[in-house]
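Everything below concerns the one structure shown next.
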Amino acid sequence: MTAQFQIQNLIEQSQTRTVHRVRGSDGSILRLTRILLDLNDREQLKRSQNLRGALAELKALRHSSLVEVLDCGLDEKGIPWVMSRWEKRKALSDIKVEEQEMQTVSKHANRLLDDFGRMAGVVNFDTTEIFFSGENRESCVFQIDYVRWFTDIVAGIGPGTNYDAKEQVRQLLASLAIKQLKLPKKKEETNPIPFVDERSPALRINEPVGEPWFGRLLVWLCLIGALVAIGWLTVEGMGRVRENPRAADWKAGERP
């Protein structure tokens, strides 16, 4: 691999894989995908009796709706790698989904289901791994899930056996339908919204009626004035009784 291809730059890096843009010996631009298995899985992969047949099967896998695999193998550290053609097309995740795109994806995905059967479980139906070609977008291609392919070999099962491709296609089309119908976000309101009392009228009926502060003050002043007047009249009356000379000899039941 080192003698035939020259790595140009790193395009993607995750916990499970790295993707490089490379130049072939003939000047063509290619895509190198390396599967980042841990050390134990790599040792188990090298000892697998199914490895040779699985690599040959992956290189021979051809379909008009799949990105073509040119070569694959293990490097000196036992890391699996896959070389495929570089896709200059637009990824499904980067374009606006309309009815034409929906029909194209549905047609090619169902074609893969019909033609591959069980093997369709190794196809990557993620929107970032589906590429469109042409202005009218009447054609698209899918990527093989290389991580799934090699982890299945490590597990000792046929690639794609434990995956329901029909369910994956159903989820893909459902997500595209939602994306197609997604409305644009509303602009945020910049003007302040006036306060509106949205409480139920039934709640407002049971609330105490608020009185103006001036009215309450006037009531208190009237009450205080009345108490002062009553007190003054009482004191005045007692004074008059003391000043009356006949009051000292007056007894109850007698007329003055």
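Just so it is clear, none of the values below were taken in a lab; they were calculated from the coordinates. Everything quoted here is computed from the prediction, not taken from an experiment. With ideal geometry, Cβ positions are generated from the backbone for all residues, glycine too; neighbour counts draw on all protein chains shown.
Quick notes on this one:
- Nonlocal amide H pairs with ARG17, under 5 Å, H built at 1.01 Å: LEU36
- Gain in span if fully extended, GLN49 to ARG118, counting 0.36 nm per residue against the direct Cα distance: 22.7 nm
- Working note: Karplus 6.51/-1.76/1.60 with θ = phi - 60° gives the range 42-57 the couplings 5, 5, 5, 5, 5, 8, 5, 6, 8, 4, 4, x, 5, 5, 5, 5 Hz, where Gly and Pro are set to x.
- Restraint check, LYS59/LYS90; LYS46/LYS90; LYS46/LYS179, Cα-Cα greater than 32 Å: LYS46/LYS90; LYS46/LYS179
- With 0.36 nm allotted per residue and the present C-alpha distance subtracted, the ASP94-THR161 stretch has 21.1 nm of extension available.
- Rg/Rh ratio calculated on Cα atoms of the range 5-181 (Kirkwood radius): 0.97
- Net +/- balance of residues flanking THR16 in space, Cβ distance below 12 Å, scoring K and R +1, D and E -1: -1
- Distance between modelled label sites at LYS77 and THR128, nm, 7 Å Cα→Cβ extension: 2.1
- Using the average count of surrounding beta-carbon atoms within 10 Å as a protection proxy, the listed peptides 145-155, 26-36 rank, highest first, as 145-155, 26-36.
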